[in-house]
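S.K.: Can you keep this structure in mind? I'll have questions shortly.
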Amino acid sequence: MKKSSRGAVANRRLPHPVSIKRFLDDPNFLGDGSRWPEIRAEAIRIVERDPTEIALAWGTGAGKTALGADLFCYYAHKILPDIATGKFFDGYGLRGDKPVFFFCLATRTQQARDNFFAEVRGRIDYSPWFQEHFPPDEHIASRIIFTRPEKQGAKWVNERLPLIIEPQGCSTRGPLAYDTYCCAIDEAG
């Protein structure tokens with residue numbers, strides 16, 4: 001994925017979220033033509049129903065991880081503009097002094113990192129939209145911390161945003177007392 005020039009971001013308003021159909025089909029987002037039609041249809045059904053939780057009892061290789069990764073990316077794209085402006089925190093009655101998390105959980109952290117998190121990271125790393133508007137901090141590999149390119153004086157810096165996607169394993173240090181927007185339990189075995 002070719003990174004866009006920082007000049008392309010200068011003096012531009014934040015992007016607006018798009019529909020799930022456009023997000024999955026448009027090459028600027030996740031559309032690369034390789035998505036299974038059943039996974040695409042299920043992602044659209046889920047987003048249009050707007051549930052508070054979903055559970056998939058599908059077999060091995062049925063596409064649970066692919067679907068979950070698509071949804072994580074879609075919901076991140078949907079809230080990032082409001083995270084960047086602070087509107088997100090006001091809308092949920094949050095103080096905004098802590099980051100918002102998307103958690104990828106599995107029995108072991110390495111398992112979460114190698115499976116679900118790797119799928120999410122791959123989609124974000126190859127999405128022109130994320131790379132142009134909210135590229136992940138390239139110095140951190142263990143989690144995704146979104147940034148927003150900002151010009152400060154004569155140089156560009158990537159301001160870190162309070163939205164983090166993190167893999168975790170089963171432990172007493174689970175995602176308690178965090179502002180969690182999305183959580184996926186994959187490969188729970």
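S.K.: Give me the pairs, please: first residue somewhere in region 110-125 and over 11 Å from residue 166 (Cβ atoms), second residue anywhere and part of a helix (DSSP H, G or I) and among the hydrophobic types (A, V, I, L, M, F, W, C), beta-carbon distance under 6 Å, and either six or more positions apart or on two chains.
M.R.: Every condition considered, the pairs that remain are 119/69; 123/69; 123/73; 124/130.
S.K.: Tell me, which helices (runs of 4 or more DSSP H) wholly within region 108-161 include 2 or more residues that are touching a Gly at 6+ places or on another chain (Cβ under 9 Å) and more than 17 Å from residue 182 (Cβ to Cβ)? Outline the logic, then answer.
M.R.: Working: elements: 109-112, 118-125, 128-133.
Hits in region 108-161: 109-112.
S.K.: May I pose another question? For the condition of a type in the set (A, V, I, L, M), free of Cβ contacts under 8 Å to residues at least 40 places away in the same chain, surrounded by fewer than 20 Cβ atoms within 10 Å (Cβ to Cβ) and under 29 Å from residue 33 (Cβ atoms), what is the one hit in 154, 57? Talk me through it step by step, then tell me what you get.
M.R.: Values: 154 fails: under 29 Å from residue 33 (Cβ atoms).
None of the other options fit; the residue is 57.
S.K.: Considering only residues of region 84-100 that are assigned to a helix (DSSP H, G or I) and touching a residue at least 24 places away in the same chain (Cβ under 8 Å), which is surrounded by the fewest Cβ atoms within 10 Å (Cβ to Cβ)?
M.R.: Just the residues of region 84-100 that are assigned to a helix (DSSP H, G or I), to begin with: 84-85, 87-91.
Then keep just the ones that are touching a residue at least 24 places away in the same chain (Cβ under 8 Å); that gives 84-85.
On the way: 84: 20, 85: 11.
Per the criteria, the residue is 85.
Listed here are the residues, each with its yes/no results for (1) over 23 Å from residue 129 (Cβ atoms); (2) surrounded by fewer than 16 Cβ atoms within 10 Å (Cβ to Cβ).
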position	(1), (2)
29	no, no
36	no, yes
52	yes, yes
63	no, no
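S.K.: Give region 113-132 a look and list any residue that's surrounded by 22 or more Cβ atoms within 10 Å (Cβ to Cβ) and either at pLDDT 95 or above or under 15 Å from residue 25 (Cα atoms) (or both), or say none.
M.R.: Initially, region 113-132 is screened for residues surrounded by 22 or more Cβ atoms within 10 Å (Cβ to Cβ), giving 116-117, 120, 124, 127, 130.
If the condition is that a residue be surrounded by 22 or more Cβ atoms within 10 Å (Cβ to Cβ) and either at pLDDT 95 or above or under 15 Å from residue 25 (Cα atoms) (or both), then 117, 120, 124, 127, 130 are the ones that fit.
S.K.: Does any residue in region 134-148 that is within 15 Å of residue 118 (Cα to Cα) come within less than 6 Å, Cβ to Cβ, of a residue that is of a type outside the set (Val, Ile, Thr) and in a loop (DSSP other than H, G, I, E, B) six or more places away or on a different chain, and which pairs are these?
M.R.: That search, which allows pairs on different chains as well, returns 145/137.
The values are calculated or read from the model by the stated rules, or taken from the named source; none is laboratory data. Since the structure is predicted, the reported quantities are computational estimates derived from the model, not experimental observations. Virtual Cβ from ideal backbone geometry, glycine too; neighbours counted across all protein chains shown.
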